[in-house]
Each structure stands twice: as structure tokens, then as C-alpha cells.
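Trainee: This is the structure, below, for whatever I ask next.
The values are calculated or read from the model by the stated rules, or taken from the named source; none is laboratory data. What you see is a predicted model; the values in this text were computed from it and never measured. Cβ atoms come from the backbone with ideal geometry, glycine included; neighbour counts cover every protein chain shown.
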Amino acid sequence: MGGFFGITSRKDCLADVFFGVDYHSHLGTRRGGLAAYDPQIGLQRKIHNIENAPFRTRFERIFEEMKGVSAIGCISDSDPQPLLARSRLGTYAICMVGVINNADELIERYLSQPGSYFDSMTGGRVNAIDLLSALINQKDSFVEGIRFANEQIDGTASILILQDDGSIIAARDRVGRLPVLVGKNEDGYAVAFESFAYQKLGYEDVKELGPGEIVRLHPDGMEQLAAPGKKKRICSFLWSYYGYPTSTYEGVNVEAMRYRNGAIMALNDRVSHPGEIETIDYVGGVPDSGTPHAIGYANQSGRHFARAFIKYTPTWSRSFMPANQTARNRIAKMKQIPVHELIKDKNLLFVDDSIVRGTQLKETVDFLYENGAKAVHMRSACPPIMYACKYLNFSRSNSEMDLIARRVIMELEGEEGFEHLEEYSDGATQRGQNLRRAICNNFHFSSLEFQSLEGVVQAIGLPECELCTYCWNGKE
């Protein structure tokens, strides 16, 4: 994933942009970058690796190195950015949130003319932001270029461009899979993936860009360069998993959605697992994003909410920081500190935000049994993930066979089972029950259930046709 933040102002804004970008740190762990414009200096840029240290630590000396009345920055889980570009459209800094799946095809189709070249990254790969910039530069204006790039890209691209006059062009991806929000104060405008980032800095909400909408921001105003399209497919996982609890997208708050989602699961369990809820001593969340779903479940079911284990975060705040999977699993296990009184001889029900690969979840369940749990029931706050995301790469799965649901279906029925994914998703069907039973056996769950697609849509409260549910049902 990733996130971006920018400000165009009448006064130096680098400190605000520093904090605004840092508020997007939950969205990525690989690269952080800032670009600034100052009337005397022009455009400047810094990029740092943040895999082993947070953004704020890597950029703590930035105020000695840069200044500007306009600036953009990003947290990236992919390529280094922002990049500086010079073309017939001018000199500018550019960053993107999203993914380009057809990079090789685009390079071959549009950019293989004599004299064309890209700086090569490790392994000979082209930086996706460099490619994006080259696509935009094919046209005679930023609006035409951004539209052209989004039409050609297989994937997703929401874009910030800082021009050499201090203005910022913000563009939401073509079908609005990701949010882009604008705020205003007396000195100028801010734009962000997460609106709470500029709200904490004293900006008031002005606008949430529509799908494909493009605006130009400068201290004196906001100009619409391209109207929004009609088709919207905002990512449902914004609410289920990677959105920050204080965030609001399309008018729907993340934390409130998760409470509703948990309550719907509890109501469903009354029907699909009659009598089971009464045996539960404590309901808990797999921290952190599973916790609000669990609170909603506990409130609706009438069972006590409790934190049977606590994550130790002062030194290892994010278990997915190391690139090596074995190291991530080891760190995740070391962070889990049990509360023995709440585990020993207890029937526990845990709600996780999702079950993707299942590796760390198995470690968690084993840890609970090692500390004396009598039973561990598991609930997933979303349906079984059947397709690796090709729009945001949030699941970090290189292959669909990395997904626990796919692997279990292969074990149960072979490739023939992939013709019946809808049945496997539905816990009311025989195939759906077989899937749940097999995962329970593999992971030592006492029971397992997934939220239904209808339940997620109900909890979000937007029409299903406006939501991207590709990872669950493969529908674009």
C-alpha cells in the first residue's frame, strides 16, 4: 500500500507536511519521501529507506536540509518516491499510490522509441513512478497526461504533482479505489489519503475527490481540472483492515464500521452456531485492527470483551517490518504477552480483520493453547480471500496459492474446486463447511466463521456497486 500528503501555502509548510506524511505510516514500511518548493531554491527532494526505522526518525533533520511554501510527501510500500521530472510540461515532483501491473507492456508500447531510457533499479526493473511520469509526458497537458496514464495502466494510480510554481495537482484514480481528500485553512490547502492528518494540523474538510477527478490547488483556491467519472469502486478493505480507525471515507468512519461489522457477525452466529456464544468466556480481537470488530461482536453477543494477550510495541511496533517472513513470524510471537488469568481454562473467541495466508494466526492460536486456553474459536471480519489483490497489493501475496483459502481448496478438491469459489465462500453450503472444517483442523480452531460479503456491505453502508470486492469474489 502507501499514502501521500501535500500542502500548498502562503508560508513555510514543511513542518506540517512532515507530520502529515508521518500520519500515513500505517500504510507502508519501505520508503518515505518528501519534495518541497521554495521560490528562492526551487524544487528539492529527499527519499529514505524506512524498513528499519520510522519515517519521523529518518526525516528528523529535514528542516536543516529543505524548506518550502509547498510540499508533498509519501509513505511507499513499493518504489522510491517522489521523483523529480523535467519535461515539456515543466519541472515537477510526482508521487503515486497504487500499482502498475502492465509496466513491461507499457514500456514496449509507448516508450521504446530511439533515445528513450529509464534509470534502472535493482534487477533491471523500472521505477513505477518514473514510468507514470513518462506516460503523463506523452500528452500536452497534465490533465490529458493523467487521464491517458490512468486509461493505459492495469492497476491503480492516485497521483500528486508538485509544480515549480508551488501549486499541487491532485488526481484520484480512475474508479476511486483509493480516497483523496482536500482540506483548507487560512493560509492554503492540504490534500491527503487520510483526512485526519490535515485535520490534526488545523485544516477543515473541503472536498473528497470523485473517481478520476483532478484538481489544482494553490494558496488562493482550488480549481477543478477534470470532473469525476460515474463508476466508483472504492476498496472495501479501507474499512475492514488498513484504514486508520479515525479515518472517514465516503462519509463512513472506519471504527464505527468495524463495530457494526462485529455486531453483524454475532447476529449471524446466533443462527449458524446456536448455543456456542453462551459457552464463550471472553471475546477478544487479534490486535490491532481486529479489536474494534471484536468490540462490536462482544457488545452484540453480551459476552465480555477482554484482552487475553497484549502486543509489546515499544521496540517492535510493526511485525511486518522485516522483509524476511521467518523474522516477521518470530517478532510477532515475541510481541505477544499473555494475561494468564484471562487465558487459562477459558473458552475464547477471537476476531481477526482477515485471514490471508494464516501463518501468524497459527502462531497466535498455538501461543494461546500453550498458555492454557481451553478452546479458541476464530472469526474473520471479512469473507474468505480468494483472489490476490491486483489493484493495491495490500495482501503482499505473490501468488493466489499463497492464500490459505486457495491452498485448502486445492487440498480438498484440486483445481476443480476453483470452479466453485462462491460455494466455498458461503458457510451454508457443503463446500463452505468443508473449507471451514479443514482450516479448523489445520489451525486447531475450535470453530471458524467468516463474515459474509452481504455483512461487510451492510456494515459499510454504501451500495455494493460502489465497492471493490475483487479479493473476495473476483468481480471488477
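Trainee: Could you run through the stretch 51-106 and say how many residues are acidic (Asp, Glu), farther than 29 Å from Leu135 by Cα and touching a Gly at 6+ places or on another chain (Cβ under 7 Å)?
Mentor: Here the count works out to 0.
Trainee: Sticking with this one: For the stretch 284-331: of the residues being basic (Lys, Arg) and part of a helix (DSSP H, G or I), which is modelled with the lowest pLDDT? I'd like the intermediate steps shown before the answer.
Mentor: We begin by selecting, within the stretch 284-331, every residue basic (Lys, Arg); these are 303, 307, 311, 318, 328, 330.
Checking which are part of a helix (DSSP H, G or I) leaves us with 328, 330.
Working: Arg328: 59, Arg330: 62.
Of everything passing the filter in the stretch 284-331, Arg328 is modelled with the lowest pLDDT.
This table checks each residue for (1) assigned by TED's automatic domain parsing to the domain that holds Arg406; (2) out of contact with any Cys (no Cβ under 7 Å at 6 or more places or on another chain); (3) among the hydroxyl-bearing types (Ser, Thr, Tyr); (4) at pLDDT below 95.
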site	(1), (2), (3), (4)
Gly417	yes, yes, no, no
His420	yes, yes, no, no
Tyr424	yes, yes, yes, no
His444	yes, yes, no, yes
Cys465	yes, yes, no, no
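Trainee: Follow-up. Hey, can you tell me all the residues within the stretch 1-50 that are of a type in the set (Asp, Glu) and over 17 Å from the mean Cα position of the chain (by Cα)? Write out each step before concluding.
Mentor: Pass one, the stretch 1-50, residues of a type in the set (Asp, Glu): 12, 16, 22, 38.
Asp12, Asp16, Asp38 - these are the residues of the stretch 1-50 that are of a type in the set (Asp, Glu) and over 17 Å from the mean Cα position of the chain (by Cα).
Trainee: Enumerate the pairs (first residue in the stretch 18-43 and at positive phi; second residue anywhere and surrounded by fewer than 19 Cβ atoms within 10 Å (Cβ to Cβ) and not β-branched (Val, Ile, Thr)) with beta-carbon separation below 8 Å, excluding pairs fewer than 6 apart on the same chain, so at least 6 apart or on different chains.
Mentor: Listed pairs, sorted by first residue: Gly42/Asp164.
Trainee: Just the residues that are within 22 Å of Arg258 (Cα to Cα), in a loop (DSSP other than H, G, I, E, B) and out of contact with any Leu (no Cβ under 9 Å at 6 or more places or on another chain), please, taken from the stretch 344-357.
Mentor: Asp353, Ser354
Trainee: Looking at the stretch 238-250, is at least one residue buried (at least 16 other Cβ atoms within 10 Å of the Cβ), farther than 30 Å from Glu151 by Cβ and not assigned by TED's automatic domain parsing to the domain that holds Lys200? So that I can check it myself, show each step before the final result.
Mentor: Of the residues in the stretch 238-250, the ones buried (at least 16 other Cβ atoms within 10 Å of the Cβ) are 238-245, 247-250.
From the residues that got through so far, the ones that are farther than 30 Å from Glu151 by Cβ too are 244-245.
When the remaining residues are screened for being not assigned by TED's automatic domain parsing to the domain that holds Lys200, the result is 244-245.
Yes - at least one qualifying residue is present in the stretch 238-250.
Trainee: Here's a follow-up. Can we say Glu341 is more than 23 Å from the chain's Cα centre (by Cα), on the phi < 0 side of the Ramachandran plot, loosely packed, with under 14 Cβ neighbours inside 10 Å and at pLDDT below 95?
Mentor: So Glu341 does not fit the description; no.
Trainee: Also, I was wondering about something else. Could you list, in sequence order, the residues of the stretch 424-476 that are of a type in the set (S, T, N, Q) and in contact (Cβ under 8 Å) with a residue 60 or more places away in the chain?
Mentor: Asn442, Ser446, Ser447, Gln451, Ser452, Gln458, Thr469, Asn473
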